[in-house]
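Trainee: Below is one structure. I have some questions about it.
The values are calculated or read from the model by the stated rules, or taken from the named source; none is laboratory data. If you're wondering where the values come from, they're calculated on a predicted model, not measured in any experiment. Every residue, glycine as well, gets a Cβ built from its backbone with ideal geometry; the counts of neighbours run over all protein chains shown.
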Amino acid sequence: MKKLATLAAATLLPQMVLAHAGHDDGQLIGGQFIGGLAHPVGGADHLLAMIALGLLAAQIGGRALWALPLAFVAAMLVGGAAGWAGLPFAGVEPMILASVVILGVLVAMASRLPLAVLVPGVALFGFAHGWAHGAEGPAQGLILYTAGFAVATMALHLAGIAAGTLLQRGTLLRALGGGTAAAGLALAMVG
């Protein structure tokens with residue numbers, strides 16, 4: 001088993017190094033996709049917000065299960081293009097941190113806001129997250145990079161939905177929301 005792990009590390013490590021944006025050799029097809037996959041999970045603010053959105057969707061149920069993640073991802077793709085193009089977005093980091101806190105609070109309070117209110121708010125948060133992904137993305141290989149961060153975001157939403165479904169209407173679900181909001185506040189204090 002130890003030999004297998006060593007062989008896997010020796011095989012994959014050089015490819016992982018080359019896959020990061022900014023390396024000429026990293027423009028391989030998988031490199032930009034992997035860079036996109038890594039971006040949402042590489043920052044606590046993105047990770048927390050995307051899982052919290054899934055928790056909220058599961059907690060509300062019904063159409064929210066698909067409407068909230070879809071609104072987030074669709075707006076995130078538009079925001080990614082805007083960030084990559086260099087369009088200005090003053091306050092993007094405070095908006096991202098606000099998404100962590102607000103989504104966490106909504107889960108903690110077991111909020112039942114109507115979708116007509118939640119969907120535009122979630123879309124605004126998605127746009128902000130996407131703008132950050134796009135602004136920090138590679139100069140080339142944008143389509144693969146974008147596909148990567150879209151897939152990672154959807155996976156994080158699904159993880160939140162799965163956790164929220166398992167903990168449906170439980171105090172642990174609400175505690176996760178409160179913990180997410182507290183973590184968002186802590187990130188705002190540090191940043």
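Trainee: Go through the range 153-169 and report how many residues are in contact (Cβ under 8 Å) with a residue 60 or more places away in the chain, under 16 Å from residue 70 (Cβ atoms) and under 13 Å from the mean Cα position of the chain (by Cα).
Mentor: 6
Trainee: Here's another thing I want to ask about it. How many residues are hydroxyl-bearing (Ser, Thr, Tyr), within 23 Å of residue 180 (Cβ to Cβ) and not in a loop (DSSP other than H, G, I, E, B) if we restrict to the range 95-147? So that I can check it myself, show each step before the final result.
Mentor: Just the residues of the range 95-147 that are hydroxyl-bearing (Ser, Thr, Tyr), to begin with: 99, 111, 145-146.
With within 23 Å of residue 180 (Cβ to Cβ) added as a condition, the list becomes 99, 111.
Then drop every residue that is not not in a loop (DSSP other than H, G, I, E, B), which leaves 99.
Within the range 95-147, residues that are hydroxyl-bearing (Ser, Thr, Tyr), within 23 Å of residue 180 (Cβ to Cβ) and not in a loop (DSSP other than H, G, I, E, B) number 1.
Trainee: Now for a different question. Restricting the range 156-191 to residues that are among the β-branched types (Val, Ile, Thr) and modelled with pLDDT of 95 or more, which is surrounded by the most Cβ atoms within 10 Å (Cβ to Cβ)?
Mentor: Within the range 156-191, the match that is surrounded by the most Cβ atoms within 10 Å (Cβ to Cβ) is 180.
Trainee: For the range 34-88, give me the residue count where each residue is under 15 Å from the mean Cα position of the chain (by Cα), part of a helix (DSSP H, G or I) and not aliphatic (A, V, I, L, M).
Mentor: At the first step, the residues of the range 34-88 found to be under 15 Å from the mean Cα position of the chain (by Cα) are 34-57, 68-80.
Subset that is part of a helix (DSSP H, G or I): 34-42, 44-57, 68-80.
This time we only want the ones that are not aliphatic (A, V, I, L, M), so: 35-36, 39-40, 42, 45-46, 54, 69, 72, 79-80.
The total comes to 12.
Trainee: Scan (1) out of contact with any Leu (no Cβ under 8 Å at 6 or more places or on another chain); (2) closer than 14 Å to residue 77 by Cα for the single condition residue 112 breaks and write down its number.
Mentor: Result: residue 112 passes all but (2).
Trainee: What are the residues in the range 111-155 that are buried (at least 19 other Cβ atoms within 10 Å of the Cβ) and in contact with a Gly (Cβ under 6 Å, 6 or more places away or on another chain), if any?
Mentor: Within the range 111-155, 127, 130, 131, 133, 134, 145, 146, 148, 149 qualify.
Trainee: Here's a check for you: in the range 47-85, which residue that is closer than 14 Å to residue 158 by Cα and of a type in the set (Phe, Trp, Tyr) is surrounded by the fewest Cβ atoms within 10 Å (Cβ to Cβ)?
Mentor: Applying the filter and picking the extreme gives 66.
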